[in-house]
Structure formats: structure tokens, C-alpha cells
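Every number in this text was worked out from the coordinates using simple rules, so none of it is lab data. Just so it is clear, the model here is predicted, and its values are computed rather than measured. All Cβ positions, even for glycine, are placed from backbone atoms using ideal geometry, and neighbour counts span all protein chains on display.
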Amino acid sequence: MTMRQHFGLGCTLLGAIGFATTASAAEQITFVSQGGAYQAAQTVAILDPSAKKLGITINQDSIPDAWPAIKTQVGSGKPIWDVVDTPTGYCLRGGEQGLMEKLDFSKIPNAAAMPEAYRSPYSVSYEFYSSVLAYSQKTFPKDVPNSWVDFWDVKKFPGRRALRNHPIATLEAALMADGVAPDKLYPLDVDRAFKKLEEIKPHITVWWTSGAQSAQLLNDGEVDMEMAWNGRVSAVAKEGAKVAFTYNQGVLQSTSLCILKGAPNLDTAVKFLNEAVDPVHQANLPLNIDYGPGNPKAFETNVIKPERAAQLPSEPANASKQALMSYAWWSSPAGEAAEKRWASFMQK
Amino acid sequence: MLALVSPALLVILLLIVLPVGWLAWQSIYHDGFTLENYRRVFTEDIYWRSFALTFEISLAVTAIALLLGYPVAYLANSLPKGWSILILSLVVLPFWTSVLVRAYAWLALLQRTGVINQFLRYLDVISEPLALVHNTFGTVVATVHILLPFMVLPLYATMQKIPGDLMQAGASLGASPSLTFVRVFLPLSLPGVLAGCTMVFVLCLGFYITPELLGGGRTVMVSMLVSRNVELYNQFGAASAVAVVLLLSVLVIFFAVSRFISLERVLGQK
């Protein structure tokens, strides 16, 4: 995921030095996220308060795509990182490949209280974002596209379209366009999804690869509607572009926290994991960035005002309109096969 | 002599030979010896199609760069020194801008709401915007722009070494300027043509950012398969097999070219 790259390295270093001088406790962990405004928001909302409460030092690192580094670190037998915030699919795949610690939820009560769909034996949901249908309000001032069925309807909603150049969430959208209910998607009917995608393919102007690109397409009016991440669309709208999106039939996706196998500070890491998904810390996250808390209990803390909650992807009413991505399916052999099939679909 | 080049050789050994060797090793060894990665490259359609597309794009880019670059080099060669320096600086100027910025600049020019489409619509030449980017066309345009200096500079270097007397001799024997060009100048500049074409073609084979940003997702070049394979198969071997096949094709091309012309000339020496 390239949507939150480029965290100022300076910030990371300053943060680390700051902690090193103030907290004298011997306990410490190394926490890794994806950088950018996203990691800065977490630092304020979750990392600093957790470190203070537990009396530990949190050394931060950031990397846009943690997966190759996780493989290399655990493969070497001496990982440097403890806790990683990464797309949930990597936590699951890592768990299956023996790269992640199995979690003992009796030591992580905050996570144990979360709905089962929000955790796995190796991971806990940390924050939510959504792949939504976004559109130009210039092109569609009144009658707006409101579902993937509308997106596929090129007669009723003429205009240029973009989708992500990736099967994840795109196959889900295709199936919803074909009439499958958001809560009945898994296991995905891959053949049916690709057949439906063939139908819309001639009308897709761009298959975007990065979040920045999807924002640019919408901002410049290069496309009239597209699938995009909610945070990207709201950022473009904030800058004054006439764009909007709907959570209806969005695909709710998450990043999760997981602990590397053989992490140098395992016990502290588990304590941190519990603290990181504490409802109040979690509720502070959306006050700093357009992502929803991973722990739904955050909405019961009164920290998030109702108007703000209504904008967030994982707010219960919004969540109920969406499909909750099954990372378990995507990391299963069927999911991996679907991912491999994508390239040949794109070339034809 | 050996002592003088040894630091360079050491750097090449450490930074190029060892990593490439390690990558090549990974492609055939993963929990034991395996040809699985190569079996995939040679049997699955997507690889064949990407290699074909990559070679097509590289050929097109080379041809266009030659057509555009030859007159520029010719002009720079025939004008007085001051002018030729100016022309060559203009050719080299884009080198100071990153490839990424240039790709975005092309996007601003070519996209639906871009400068060119807006202008053509203003003139009423077109009613609907043209699809100039997010396809192979946009990729080729931007790639030609980036690689043009690699065509012009070897051409210019070769043309500089063609003695001007030869053209005068042709003229004194009654040949028209165009005949002198075709019979004397052009054949003598051919080594430069071959050198420029080889450089551009080989560099184009490995292009990544430009097709990624301007290809609209449909222009899947080999380099993009390399990065995709790291993601998809979670091991470097699957990706390095693709890279090794591409590297071998480049070596074959260099070998073929070297039968017609010495490699030193391709790389801008003599």
C-alpha cells in the first residue's frame, strides 16, 4: 500500500530521541508503520499516550511496504522490529508462514472484547479505511452513482471511469455490481467477478496503481467516477475539488497489528498491543486523520463527536452498508490464485 | 594500469557482479535447486505478452528517437560552435529534471483536461478529447523524450569525426548536396546511428516509472512484471528469473550488434 508514504524521517528520529531521553524505563519496543501523515496521527493519538501509560519507550520506524523486510528479518533469525502495523492480509500470510507470533488473547483483553471478524490468531485490527465509489459532482450534479450497479451502468451514468489495478476490493465491487449482497461475497466467485469485469473493462480509462494517482485523476477531472480510498477522496474534496463519495457498497479494509516471530521484546510488545487498541486511544485516531478506529468500542467513548463519526468508514451505520473484507479468503490458495489471474486479465 | 582501475573494478564487483549473481542464484535455488521460476516465465502467456510488448515499445521508441534525433545532431554538427553548444545544451537540459517529474509533466500536457486537448478543443479541431495518455501512445511519447539525448549525443560524436573535406570533394565532383549526403555523409554516420539505437533500445527495455504512470495500467512492461512477481510469489526468485531473462536478451542484442561494430563505439568511446 503506497497511500501513506514519506513520513518525515526527521519526525521518526526526533520522536525516538525524545522518548529515549524522557523515559528511563528499560522496557522498549520497536514499532513499525507506513509513515506519512498517517504515522504522525498515530503518534499523537496512540503511540505517545500508550508509551506514557505503560512507562515504556516506543522506537518508531516506517516503511511503505513492510512485507519484504518482515520476511528478511524473521528469516535471519534475529528480527529488529517487534510490532508491525501492516495490511491485515500480510499478518495472516505471515502467521501461516511462521513469521508472526501467535497471540494469547487472555493477555490482550481489549482485543478479546472486539468482534471476532476484527481479529485473527496473529493480529488485531488497528484502523479501517474503505475502498469507495467516488465521483465528480460536476459531472453528476443531481443523479449521483450510488452503487457498483450504477458504476457498471454506462448508459445511465456516462463518463470516464477508473478502478484500482489490483484484484483486492475490485473483485468484490464486480460481484456487488452483479447483484451479490455485501455480506454474501465470500468465498468470492472469481469466475463470475472476472466475467463482470470484462463487461466494464472497455469503459475503464485508467487502472490506477497508487493512492496519489487516484487522487490526481479525480482532482483533475480526468475521470468522472472511480474506486478510491475514502481518505484520498476526502483530502481532494477538502482542497476544493467538487468530488464526493458514498460508503454504500464500499469495501471495508483494515491494517492490523502483529508481532514478529522471535521479536526481541515480546512481553512488552504484547502489553503495547493491548494498549494500542484501547477504546480511548483508538477514538483519538480519527480526530487526527480520516481513518476509522480498529476497535468499534471507540465509538462508545464519546470522544468522537457524532458528526465526525458519521464520516468514518468503520462507524457502525457506515460499516453496515459495506462489505467487510475477508483477508482470510485473500490469503487462502483461492485468493492467491485470483491475484495471479489479475495480470493476464489486464493484458488481454 | 591495473592498480589504477582496481578501485573501479572493486566497486563493479561489489555493487553489480555480486548482487546480480546473487539474484540469478535465487532464481534457480529456493529450498533446493528448482527451474520452476523459469518454467513459469516460458510457459505462462503473460510473460510472453509482456516481453513482446516491451520489445515493440522499445523498437518504436528507438525509431522515433532516431527520426527526431538525427536532424538535431546533424544541425548541431553543421552549425558554428556557439550554436552547436546551445543545441546540445538544450538536448541535455532535461537530464536535470527527474524522470518522475517529467512523467507528471507529460500527464499535464496529454490528459483529457490537459493543455493539448484544451487547446485543440478551443480551436474546434476536435469535439471530444483525444486519448493521448493512459495508454501505449503516452508511454512512447514520454519515453522518447527521456531517451532522446542517448540518441543525439552518440550521433553528434560520430558526425564530428566525419571530415568536412569529404563533402567538399563530393561537391567538387559535381554531386548535389543531397547526393553527397546520401552517398558520403549518411554511410559515414551509420556507426553513430547503430550506437544511438543500441543505447536507446536497451535502456528502454528496462523502463519502469514511465509506463507505470502513463500506461494506464494496460501497458505492462517486463520491469513491471518483476515488481509484481515480488509481491505475488513472496520470494525474490520469481522476480529475478524475469530479470535474468531480460538481462540475457540484452546481452544477446549487444553480442549481435558487436558483430557489426565495436562495443567501445556503442558506449561512446572511439
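Please find, among B:ARG112, B:ARG102, B:ARG39, the residue that is within 12 Å of another protein chain (Cβ to nearest Cβ), on the phi < 0 side of the Ramachandran plot and not polar (S, T, N, Q). Even if it seems obvious, please write down each step before you answer.
Values: B:ARG102 fails: within 12 Å of another protein chain (Cβ to nearest Cβ); B:ARG39 fails: within 12 Å of another protein chain (Cβ to nearest Cβ).
Of the residues listed, the single one that is within 12 Å of another protein chain (Cβ to nearest Cβ), on the phi < 0 side of the Ramachandran plot and not polar (S, T, N, Q) is B:ARG112.
With respect to the numbered conditions (1) within 14 Å of chain B (Cβ to nearest Cβ); (2) of a type in the set (A, V, I, L, M, F, W, C); (3) part of a helix (DSSP H, G or I); (4) under 19 Å from the mean Cα position of the chain (by Cα), which one is the sole condition not fulfilled by A:VAL236?
Checking A:VAL236 against (1) within 14 Å of chain B (Cβ to nearest Cβ); (2) of a type in the set (A, V, I, L, M, F, W, C); (3) part of a helix (DSSP H, G or I); (4) under 19 Å from the mean Cα position of the chain (by Cα), the one that fails is (1).
Could you pull out every one of the strands (runs of 3 or more DSSP E) wholly within segment A:64-174 that has 2 or more residues that are buried (at least 24 other Cβ atoms within 10 Å of the Cβ), touching a residue at least 40 places away in the same chain (Cβ under 8 Å) and within 14 Å of another protein chain (Cβ to nearest Cβ)?
Working: elements: A:83-87, A:123-136, A:161-164.
The strands (runs of 3 or more DSSP E) meeting that bar are A:161-164.
Considering only residues that are more than 7 Å from every other protein chain (Cβ to nearest Cβ) and either part of a loop (DSSP other than H, G, I, E, B) or among the hydrophobic types (A, V, I, L, M, F, W, C) (or both), which ones fall in segment B:217-229? Explain how you work it out, then say what you get.
Looking only at segment B:217-229, we keep the residues that are more than 7 Å from every other protein chain (Cβ to nearest Cβ), and these are B:219, B:221-227, B:229.
Within segment B:217-229, B:THR219, B:MET221, B:VAL222, B:MET224, B:LEU225, B:VAL226 meet the criteria.
Condition first: within 21 Å of A:PRO202 (Cβ to Cβ) and hydrophobic (A, V, I, L, M, F, W, C). Now tell me which residues in segment B:111-142 satisfy that.
Initial filter on segment B:111-142 (within 21 Å of A:PRO202 (Cβ to Cβ)): B:111-112, B:117, B:126-139.
Those that are within 21 Å of A:PRO202 (Cβ to Cβ) and hydrophobic (A, V, I, L, M, F, W, C): B:ILE126, B:LEU130, B:ALA131, B:LEU132, B:VAL133, B:PHE137.
Determine, yes or no, whether A:ALA263 is surrounded by 23 or more Cβ atoms within 10 Å (Cβ to Cβ) and not in a strand (DSSP E or B).
On the way: surrounded by 23 or more Cβ atoms within 10 Å (Cβ to Cβ): yes; not in a strand (DSSP E or B): yes.
Here the answer is yes, as A:ALA263 does meet what is asked.
When segment A:184-233 is examined, which residues are found to be assigned to a loop (DSSP other than H, G, I, E, B), of a type in the set (A, V, I, L, M, F, W, C) and under 17 Å from B:ALA108 (Cβ atoms)? Steps first, please.
Within segment A:184-233, the subset assigned to a loop (DSSP other than H, G, I, E, B) is A:185-189, A:209-210, A:220-224.
In the following step, the residues that additionally are of a type in the set (A, V, I, L, M, F, W, C) were identified as A:185, A:188, A:223.
Selection gives A:VAL223 alone.
Among the polar types (S, T, N, Q), within 14 Å of chain B (Cβ to nearest Cβ) and surrounded by fewer than 24 Cβ atoms within 10 Å (Cβ to Cβ): does that describe A:SER210?
Numbers: among the polar types (S, T, N, Q): yes; within 14 Å of chain B (Cβ to nearest Cβ): yes; surrounded by fewer than 24 Cβ atoms within 10 Å (Cβ to Cβ): yes.
Yes.
Return only the number of the condition from (1) surrounded by fewer than 14 Cβ atoms within 10 Å (Cβ to Cβ); (2) in a helix (DSSP H, G or I) that B:SER27 does not satisfy.
Going through the list (1) surrounded by fewer than 14 Cβ atoms within 10 Å (Cβ to Cβ); (2) in a helix (DSSP H, G or I), B:SER27 breaks only (1).
Identify all residues within segment B:172-216 that are of a type in the set (Ser, Thr, Tyr) and either more than 14 Å from chain A (Cβ to nearest Cβ) or surrounded by fewer than 24 Cβ atoms within 10 Å (Cβ to Cβ) (or both); write none if there are none.
Applying the first criterion (of a type in the set (Ser, Thr, Tyr)) to segment B:172-216 yields B:172, B:176, B:178, B:180, B:189, B:198, B:208, B:210.
B:SER172, B:SER176, B:SER178, B:THR180, B:SER189, B:THR198, B:TYR208, listed by residue number.
Within segment B:65-79, is there a residue that is in a loop (DSSP other than H, G, I, E, B), farther than 30 Å from B:ALA239 by Cα and touching a helix residue (DSSP H, G or I) at 6+ places or on another chain (Cβ under 9 Å)?
Here is the first cut: in segment B:65-79, the ones in a loop (DSSP other than H, G, I, E, B) are B:79.
Within this subset, residues satisfying the condition of being farther than 30 Å from B:ALA239 by Cα are B:79.
Restricting the remaining residues to those that are touching a helix residue (DSSP H, G or I) at 6+ places or on another chain (Cβ under 9 Å) gives B:79.
Within segment B:65-79, one or more residues are in a loop (DSSP other than H, G, I, E, B), farther than 30 Å from B:ALA239 by Cα and touching a helix residue (DSSP H, G or I) at 6+ places or on another chain (Cβ under 9 Å).
Can we say A:PHE272 is over 18 Å from the mean Cα position of the chain (by Cα), over 30 Å from A:LEU54 (Cα atoms) and either touching a residue at least 12 places away in the same chain (Cβ under 8 Å) or part of a strand (DSSP E or B) (or both)?
It is false that A:PHE272 is over 18 Å from the mean Cα position of the chain (by Cα), over 30 Å from A:LEU54 (Cα atoms) and either touching a residue at least 12 places away in the same chain (Cβ under 8 Å) or part of a strand (DSSP E or B) (or both).
Which number in (1) touching a residue at least 24 places away in the same chain (Cβ under 8 Å); (2) away from every other protein chain (no Cβ under 14 Å); (3) assigned to a loop (DSSP other than H, G, I, E, B) marks the one condition that B:SER127 misses?
Among (1) touching a residue at least 24 places away in the same chain (Cβ under 8 Å); (2) away from every other protein chain (no Cβ under 14 Å); (3) assigned to a loop (DSSP other than H, G, I, E, B), the lone unmet condition for B:SER127 is (1).
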